[in-house]
Amino acid sequence: MIAADEQAVFPVGSYIARYGASLSLPSVVGRDGVREVLSPEMSDDEARGFERSAETLRSALATSAGVR
């Protein structure tokens with residue numbers, strides 16, 4: 001898929017600036033890596049849950065960054 005530059009859609013973990021965290025979302029992937037991240041439709045409850053997940057990841061990263 002990558003070598004052939006297929007531009008296929010797969011769930012891929014990458015940094016999503018909108019959420020300030022690396023998350024797995026359907027993404028167009030090709031030779032140059034993730035070309036586009038697709039945002040699936042979500043209900044209000046699903047969107048709130050997704051944002052809570054991103055906040056949990058941001059908090060965990062901030063906590064682990066402070067532990068050295």
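The values are calculated or read from the model by the stated rules, or taken from the named source; none is laboratory data. Everything numeric here is computed off the predicted structure, so don't read it as measured data. All Cβ positions, glycine included, derive from the backbone under ideal geometry; neighbour counts span all protein chains shown. Areas reflect the complete protein model, heavy atoms only, side chains present, ligands, DNA and RNA absent. Shrake-Rupley method; radii C 1.70, N 1.55, O 1.52, S 1.80 Å.
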| note | Here the residues within the stretch 54-68 that are of a type outside the set (A, V, I, L, M) and open to solvent by less than 80 Å² (accessible area, probe 1.4 Å) are Arg58, Ser59, Ser64, Gly66
| field | Count of residues meeting criterion [open to solvent by less than 20 Å² (accessible area, probe 1.4 Å) and closer than 21 Å to Ala3 by Cβ] in the stretch 13-27 | value | 1
| message | Quick test of your reading of the structure: Val12 fulfils all but one of (1) more than 23 Å from Ala62 (Cα to Cα); (2) of a type in the set (Val, Ile, Thr); (3) under 16 Å from the mean Cα position of the chain (by Cα). Name the failing condition by number. | response | (1)
| request: Confirm whether Glu51 is in a helix (DSSP H, G or I) and open to solvent by 80 Å² or more (accessible area, probe 1.4 Å). | output: no
